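Worksheet: the structure to be examined is printed underneath.
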Amino acid sequence: MNKRCPIAQRMQHIHPFYVMELLARARDLEAQGRSIIHMEIGEPDFVTPAPIIKAGQNALGAGHTHYTPALGLPALRQKIADSYRSNYGVLIDPSRVLITPGASGALQLVMGVLINPGDAVLMADPGYPCNRHFVRLVEGEPISVPVGSETDYQLNADLVEAAWTPQTRAVLVASPSNPTGTLLSVKALRAIYQVVKERRGVLIVDEIYQGLIYDGEGCSALSIADDIFVINSFSKYYGMTGWRLGWAVAPPECVEPMDRLAQNIFLAASTLSQHAALEAFSEEVAVILEERRQEYMRRRDYLLPALQSLGFDISVVPGGAFYLYARSSKLAQDSFQFAQSLLNEAGVAVTPGRDFGSHKPEQHIRFAYTTSLENLEEGVERIRCFIGH
Ligand SMILES: Cc1ncc(COP(=O)(O)O)c(C=O)c1O
């Protein structure tokens, strides 16, 4: 143990992203003059839509530099509530909307108010890696439930029922999911909700990739019941990762404890970002975001068959987000080593499965189509040469 700075035991369970090492290596190679195709990055390549940036600049000019209420600007909470009505026909009282520093802030608040030490939280494996750590931070037990293509890489009611124990307090799902891009239908969500409710648990639904849907209609878990916690963010669909702004919609009776926790751990989300985000729901921005959604869809429709033709197995067409989760076992025994060699030798950066859990990670790779179609084509050609097709 380090005597000068004794690190708490919980930190043994908080792991870094392996992809960060890969990204650092990619940046090194770029600094040496190598060209790298980035298919590892989980954020939009587009900059924030211009009207939102302008609104942020105006907010600074107008001197909006003070704290907002911990729950966020009332006007922004109202706009978010309105967006559920116009997009999904769901009526939400704005008092249930809490503005947070990213979905990450929302997840911390939700775990903070729900999870006692030792409480178990069920989640899909593969899944978003930080979820395990948010649970660990409040001394809970993240329980990874292995999922595969047979359930579209999602939890379902049977899996939740089978994994439930007396310690289970909550289930966390994401639709569309990271790293697989697959969706949960309202029907599937409702079935999970019923199992959870019968056991007096809580359902948390991460809808951060909502809006980035390419097949079928999007939905929100808020249409099912008002005691589901919904997480969302301006990061992905609105292209605002660096502004660090997200939100949660909470059951009415949970807003007060979440407000109390937010006051203590954040005070409030960034004021500048909140003012900028007021513009995110304008018609002008909607047009830009729709163009971008179509561009992501074009990329997916190119990349999916192109990777399959190289021998990657992608048996579920992901209906959303900007990821393809491919089985690489026909091409490599260990996806981590494959990703490292692919970067060093062919200049293509991808994320190996081991960032997303412990269920067959060595057999999987996540490709993010957060780069131009031209770059994706170049990336595919480089992979083709690398594997000797
Ligand atoms: C599923 C999921 N949830 C939450 C987050 C956190 O997003 P942010 O804090 O930027 O809103 C991410 C980021 O990649 C994600 O993929």
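None of the figures in this text is laboratory data; all of them are computed from the coordinates on show. Quantities reported herein were computed from a predicted structural model and do not represent experimental measurements. All Cβ positions, glycine included, derive from the backbone under ideal geometry; neighbour counts span all protein chains shown.
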GNM top mover of GLN210, GLN32, GLN294 - the chain, alpha-carbon springs below 10 Å: GLN32
Charge dipole (segment 53-282, unit charges on Cβ, about Cα centre) - positive-most of VAL230, TYR67, ALA277: TYR67
Lysines whose Cα lies under 23 Å from that of LYS330, excluding same-chain neighbours fewer than 8 positions away: LYS360
Cα-projected label distance for ARG34 with LYS330, points at 7 Å along beta-carbon direction, nm: 2.7 nm
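For ALA24 and ARG190 in the same chain, what is the full-extension length gain: residue separation times 0.36 nm, less their Cα-Cα distance, in nm?
Working: separation 166, 0.36 × 166 = 59.76 nm, distance 4.16 nm.
Fully extending the segment from ALA24 to ARG190 adds 55.6 nm.
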Per-bin percent of Cα-Cα distances, the chain [20 Å]: 28, 59, 14
Least to most buried among SER83, SER223 (fewest other Cβ within 10 Å first): SER223, SER83
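How many lysine pairs in segment 53-282, separated by 8 or more positions in sequence or lying on different chains, have Cα atoms less than 23 Å apart? Present the calculation step by step, with values, prior to reporting the outcome.
Working: LYS54/LYS79; LYS54/LYS236; LYS79/LYS236; LYS187/LYS197.
Step by step, the pairs that qualify in segment 53-282 add up to 4.
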Selected from ALA174, HIS133, SER185, residue furthest toward positive end of dipole (the chain; charges at beta carbon): HIS133
Sorted by Cβ density within 10 Å, fewest first, the residues VAL316, VAL47: VAL47, VAL316
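Tell me, in nm to one decimal, what length is gained between ILE14 and ALA50 on full extension, where the rule is 0.36 nm per residue of separation less the Cα-Cα distance?
Numbers: separation 36, 0.36 × 36 = 12.96 nm, distance 3.66 nm.
Additional length available on full extension: 9.3 nm.
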Cβ charges +1 (Lys, Arg) and -1 (Asp, Glu), total dipole of the chain, debye: 780 debye
Potential lengthening between GLU253 and LEU91 on full extension [0.36 nm per residue; Cα-Cα distance subtracted]: 56.6 nm
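Can you compute the equivalent ellipsoid semi-axes for segment 205-348, i.e. the square root of 5 times each eigenvalue of the Cα gyration tensor, sorted largest first and rounded to whole Å?
Values: eigenvalues 243, 73, 61 Å².
In descending order the semi-axes read 35, 19, 17 Å.
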Rg [Å, one decimal], Dmax [Å, integer] - segment 53-282, C-alpha atoms: 17.1, 56
222 nm mean residue ellipticity, helices alone, for the chain (DSSP H n ≥ 4; -39,500 (n - 2.57); rounded to 500): -12000 deg cm²/dmol
Estimated FRET transfer efficiency (VAL287, ILE265; beta-carbon r; R0 51 Å; 0.05): 0.90
